[in-house]
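Undergrad: After the C-alpha cells below, expect a handful of questions from me.
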Amino acid sequence: MRREGSALHGFGVVTLKEIADHFTSILVVVLVVLVVATAIAVVRGAIDQIKEITAEDPFLFLRLFTRGGPLPLVALLSFLVPLVAIGLGFDAVNGEHNRRTLSRILAQPIYRDALLFGKFAAGLFTLAVSLIVLWLLVIGLGLLGLGVPPNAEEMARALVLLVVTIVYAGFWFALALLCSVVFRSAATAALVALGLWLFLTVLWPLFSPALADAFTTASDILGVLDTRQAFARLSPSVLFNEIVAVVLDPSVRSTQQSMLAALGLALIERGAIPDAPIPLLQSVLIVWPQIVGLVAGSILLFVIAYVVFQRQEVRA
Amino acid sequence: MSANVIEAKNLTKRYNGVAVVKGISFAVARGEIFGLLGPNGAGKTTTILMLLGLSDISDGQARVLDHDPVREPLAVKRQVGYLPDQVGFYDNLTAAENLRYTARLMGLERAEREQRIKSSLAHVGLADVANNRVATFSRGMRQRLGLAEILMKEAQIAILDEPTSGLDPQATAELLNIIRDLKTQGVSVLLSSHLLERVQSVCDRVALFNQGNIALIGTVPELGRQVLGGGFRVEVEAAGEGLEQRIAAIPGVQRVEPAGANRFLLLADHDVRPEAAAAVVAAGGRLLRLSVEEPSLEAIYTRYFQTHEGELHAA
C-alpha cells in the first residue's frame, strides 16, 4: 500500500525546531560546557607533558589527543561523549508524549517519519557542532602551546578522529532515541540508557576477557587474544578506542599491538621496519571494519526505534 | 462531493484481538456540530484517532472529505483540525511561537503565516498574551490556543476531544462560544464529551457511545422520545376547580401528576402548552405558570444506562 505525499515533508521544520531547543536547553548547555572545560584542562596537561618529553617527534601534534596524565583526551571523549548524546536524546519522543504535544503535532500534515528523522538529524547536528568546536579549541590550544604548526598528515588524521567521534556520538544518540521511543517515562529511558552506557564503556571491557576465556579452547596466546578481542568489540567504546589508537598513531599496525606489548611481545611483520610510520590510508584500512561496525550499529538502533515508533499508539 | 464530510461505515478497532470500537457507522453533514457522547473508555477517542489516520483501522472504512484516512492521511490532515484531550504545547515557547511551528508544518508561507497567527489569536482572545510563554497559561487558555490552531489552519472540519473537560464554567462558556463561531464560519465540528449539559447546548446531533457501540444517534429531542418515552413534560401552575380532570382529557396527554399546590406535571407526546392553557381558561381557572421541560441529555443518558445496566454487566 503506497502512501501519498513525501515522508520527509516537514523534516526541515522539525529539525530546525529541535536544534533551537537543544541549544537553549540548560541540560545540553551544561553538559557541553562541562565536556569542553574538562577537555581544555586535559589538553593543557598534555601540552606540558609533550614539551618535556620530546622535541623531535614527527607527529607531535597528534600527541595532544593521546597524551595527558591519567586521562588523555581520546579516553575522555570515549567516556563523556555518550553522556552528552544520552542527555540530548533520552526524552526526545517520550517527552512529546508526556507534554501531550505528540498527537497535536502528528495531526498536522506530516508523517511520523519526518518527526523521528528530524529529531535524529537535529541531535546529530548539535553533537557535531559541539565536537567541531571542541576540536577547533584543541587545535588552537595546541598551536599556542606547542608553537609548532601541524603538518598535513597530522591534520588529516585529526580530521578522521573528528568524523569518527561524531559517528560514535551518533551511535549513543540513536541508543538514547530508541530508549525514548520504547519507554514512556523519561526517567526510565534515561536510567536504562545510562545503565547501558556504564555497562558497555566500563564493565564490559573489564569482564569480557574472563568471559571470552571461558569460551575459548585455543592454547596459543594469539588465539586467546583473538577471542578476547572479539568479545570486547561488542562494546562501541572498545571499537572507538581501537580506531583512535590506530588512526592517531602512525606507528601502530594492528589493533592487537598494545595487547601484545602488554605481554612483552612485539608484532613483527616480514619486511617491515618496526615502528616506522604507515600512511593514513593504511591506518584507516586497518580499522575500517570497526568504523563500519559503529555506523552499522547506529543505523540498526535507529531502524529499531523507527519501526517501534511507527507502530506505537499515539494516545497517552 | 457528498453532503457528508465524515462517513464511518462499520468502523472497528481491535487491540490484541479485543474490540474497543465494534463496527460503528455514522455520518457528519457539512456545517453540523456532531457530538460523540459516552462514558470514559467507550471508544470515542479511538474513533477520532481512526478518522484522523493516527490509528490503524482494524475493519470497516472511513471517509473524511472524500479521502481515506489510511491511504491519504496527509490530505485528511491538511483539512482537519484536531484538538486532543488535554492538549499540550511547548512550555518553553510563547503562544505565537507554538502556532508558528505548526504553521510551518502546515507549509504556510511567512506573510500568510504571521497574518493568520495574529487573527486567530485575536479571535480566541489571546492577542494580549501572544508573546507570553505557554508555561504561564491556564487550562482554559491552552484549550483556546488549541482552537486558535484550528482557526489558523482554516480547517473544514474541527475534531475536538473533550474540549471542555476540566474547565471552570466561565472558561467553558467562552470555549463553547468559539465552537459556535466555528459553525457560523461553515466548519463542521465533531466533538466528544462526557459532560452532557454543556454539550447539549451546542450539538445539532449526538451519538451515544456504549462499550464500543453507538447505542443511539439523532437530535436531542429525538433521543428523548426514544429513551424517555412520551418526551414532553409540561408543568402547569393554575388555580381553579376540577382542573386535573380537564387537563387529563387533553388529547396527547398520557399522565397527570399533581406536583404540589395548584401544580400539575403533564407527560405528553407533544408540546401541549396551548391546549393546556385553553383548558385552564375554559374551566374558569387562573393560569399562573406554564412551562415545558425539554428532554435533557443528562436524563436521556442516565435513563439509557440505567435500563441497559443489565446488558452492560452481562457484556
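The values are calculated or read from the model by the stated rules, or taken from the named source; none is laboratory data. Values in this document were obtained by computation on a predicted structure and should not be read as measured data. Note: ideal-geometry Cβ built from the backbone for every residue, glycine included; neighbour counts use all protein chains shown.
Undergrad: Those residues that are more than 17 Å from B:Val80 (Cβ to Cβ) and in a loop (DSSP other than H, G, I, E, B), I need them from region B:182-203; list them, please.
TA: Result: B:His194, B:Leu195, B:Cys203.
Undergrad: Hey, another quick one. Give the residues of region B:186-202 that are modelled with pLDDT of 90 or more and at negative phi, sorted by residue number.
TA: Passing the criteria: B:Val187, B:Ser188, B:Val189, B:Leu190, B:Leu191, B:Ser192.
Undergrad: Can I ask one more? Could you check region B:119-133 and list, in sequence order, the residues that are farther than 19 Å from B:Gln170 by Cα, small (Gly, Ala, Ser) and out of contact with any Lys or Arg (no Cβ under 8 Å at 6 or more places or on another chain)?
TA: Once the filter is applied, which keeps residues that are farther than 19 Å from B:Gln170 by Cα, small (Gly, Ala, Ser) and out of contact with any Lys or Arg (no Cβ under 8 Å at 6 or more places or on another chain), region B:119-133 yields B:Ser119, B:Ser120.
Undergrad: Of all residues in region B:46-57 being in contact with a Pro (Cβ under 7 Å, 6 or more places away or on another chain) and in a loop (DSSP other than H, G, I, E, B), which is nearest to the other protein chains (Cβ to nearest Cβ)?
TA: Per the stated criteria, the residue is B:Leu52.
Undergrad: Let me ask you something else. Please specify each residue of region B:140-163 satisfying the condition of being charged (D, E, K, R) and over 14 Å from B:Val124 (Cβ atoms).
TA: Of everything in region B:140-163, those that are charged (D, E, K, R) and over 14 Å from B:Val124 (Cβ atoms) turn out to be B:Glu154, B:Asp161, B:Glu162.
Undergrad: Right, another one. Given the structure, is B:Ile179 assigned to a helix (DSSP H, G or I), surrounded by 19 or more Cβ atoms within 10 Å (Cβ to Cβ) and touching a residue at least 24 places away in the same chain (Cβ under 8 Å)?
TA: When the stated conditions are applied, B:Ile179 passes them.
This table checks each residue for (1) surrounded by 22 or more Cβ atoms within 10 Å (Cβ to Cβ); (2) farther than 19 Å from A:Val167 by Cβ.
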| residue | (1), (2) |
| --- | --- |
| A:Ala75 | no, no |
| A:Pro82 | yes, no |
| A:Gly89 | yes, no |
| A:Gly95 | no, yes |
| A:Arg100 | no, yes |
| A:Ala107 | yes, yes |
| A:Arg112 | no, yes |
| A:Gly118 | yes, yes |
| A:Ala121 | no, no |
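Undergrad: Oh, and also: Criterion first (surrounded by fewer than 17 Cβ atoms within 10 Å (Cβ to Cβ), modelled with pLDDT of 95 or more, away from chain A (no Cβ under 11 Å) and out of contact with any helix residue (DSSP H, G or I) (no Cβ under 7 Å at 6 or more places or on another chain)) does B:Gln115 satisfy it?
TA: For B:Gln115, the condition - surrounded by fewer than 17 Cβ atoms within 10 Å (Cβ to Cβ), modelled with pLDDT of 95 or more, away from chain A (no Cβ under 11 Å) and out of contact with any helix residue (DSSP H, G or I) (no Cβ under 7 Å at 6 or more places or on another chain) - is met.
Undergrad: Does A:Leu71 satisfy the condition of being more than 30 Å from B:Ile159 (Cα to Cα), outside any helix (DSSP H, G or I), touching a helix residue (DSSP H, G or I) at 6+ places or on another chain (Cβ under 7 Å) and more than 13 Å from chain B (Cβ to nearest Cβ)?
TA: Considered against the rule, which asks whether it is more than 30 Å from B:Ile159 (Cα to Cα), outside any helix (DSSP H, G or I), touching a helix residue (DSSP H, G or I) at 6+ places or on another chain (Cβ under 7 Å) and more than 13 Å from chain B (Cβ to nearest Cβ), A:Leu71 comes out as yes.
Undergrad: If only one of A:Val129, A:Val138 is free of Cβ contacts under 8 Å to residues at least 12 places away in the same chain, out of contact with any Lys or Arg (no Cβ under 8 Å at 6 or more places or on another chain), among the hydrophobic types (A, V, I, L, M, F, W, C) and surrounded by 14 or more Cβ atoms within 10 Å (Cβ to Cβ), which one is it?
TA: Testing whether each residue is free of Cβ contacts under 8 Å to residues at least 12 places away in the same chain, out of contact with any Lys or Arg (no Cβ under 8 Å at 6 or more places or on another chain), among the hydrophobic types (A, V, I, L, M, F, W, C) and surrounded by 14 or more Cβ atoms within 10 Å (Cβ to Cβ) leaves just A:Val129.
Undergrad: Among the residues of region B:91-111, write down those that are more than 9 Å from chain A (Cβ to nearest Cβ), part of a helix (DSSP H, G or I) and at pLDDT below 95.
TA: Answer for region B:91-111, where residues must be more than 9 Å from chain A (Cβ to nearest Cβ), part of a helix (DSSP H, G or I) and at pLDDT below 95: B:Arg110, B:Ala111.
Undergrad: Condition test on A:Leu31, is it surrounded by 13 or more Cβ atoms within 10 Å (Cβ to Cβ) and either within 14 Å of chain B (Cβ to nearest Cβ) or assigned to a helix (DSSP H, G or I) (or both)?
TA: So A:Leu31 passes the test.
Undergrad: Given the residues B:Gly35, B:Gly43, B:Gly81, B:Gly88, which is the only one that is buried (at least 19 other Cβ atoms within 10 Å of the Cβ), under 25 Å from B:Asp181 (Cα atoms) and more than 9 Å from every other protein chain (Cβ to nearest Cβ)?
TA: Going through B:Gly35, B:Gly43, B:Gly81, B:Gly88 in turn, just one is buried (at least 19 other Cβ atoms within 10 Å of the Cβ), under 25 Å from B:Asp181 (Cα atoms) and more than 9 Å from every other protein chain (Cβ to nearest Cβ): B:Gly35.
Undergrad: Just to be sure, is A:Leu178 under 30 Å from A:Gly95 (Cβ atoms), free of Cβ contacts under 8 Å to residues at least 12 places away in the same chain and out of contact with any Lys or Arg (no Cβ under 9 Å at 6 or more places or on another chain)?
TA: It is false that A:Leu178 is under 30 Å from A:Gly95 (Cβ atoms), free of Cβ contacts under 8 Å to residues at least 12 places away in the same chain and out of contact with any Lys or Arg (no Cβ under 9 Å at 6 or more places or on another chain).
Undergrad: Of the residues that sit in region B:58-78 and are in contact with a helix residue (DSSP H, G or I) (Cβ under 6 Å, 6 or more places away or on another chain) and either at negative phi or assigned to a helix (DSSP H, G or I) (or both), which one is nearest to the other protein chains (Cβ to nearest Cβ)?
TA: Checked region B:58-78; the qualifying residue nearest to the other protein chains (Cβ to nearest Cβ) is B:His67.
Undergrad: Out of (1) more than 19 Å from A:Ala176 (Cα to Cα); (2) facing another protein chain (nearest Cβ under 8 Å), the odd one out for A:Arg99 is which?
TA: (1)
Undergrad: Something else now. Just checking, which of B:Val220, B:Val256, B:Val206 is over 19 Å from the mean Cα position of the chain (by Cα) and crowded, with 19+ Cβ neighbours inside 10 Å?
TA: After applying the criteria, what remains is B:Val256.
Undergrad: Out of curiosity, is A:Phe117 in a helix (DSSP H, G or I) and either within 14 Å of chain B (Cβ to nearest Cβ) or of a type in the set (D, E, K, R) (or both)?
TA: yes
Undergrad: Okay, next question. Among the numbered criteria (1) part of a helix (DSSP H, G or I); (2) closer than 30 Å to A:Ala122 by Cα; (3) not hydrophobic (A, V, I, L, M, F, W, C), which single criterion is violated by A:Gly5?
TA: (1)
Undergrad: Residues of region A:233-249 being among the aliphatic types (A, V, I, L, M) and crowded, with 20+ Cβ neighbours inside 10 Å, which ones?
TA: A:Val238, A:Leu239, A:Ile243, A:Val244, A:Val246, A:Val247, A:Leu248
Undergrad: Being outside any loop (DSSP other than H, G, I, E, B), surrounded by fewer than 16 Cβ atoms within 10 Å (Cβ to Cβ), free of Cβ contacts under 8 Å to residues at least 60 places away in the same chain and in contact with a helix residue (DSSP H, G or I) (Cβ under 7 Å, 6 or more places away or on another chain) narrows it down to one of A:Leu211, A:Leu203, A:Leu222, so name that one.
TA: The unique qualifying residue is A:Leu211.
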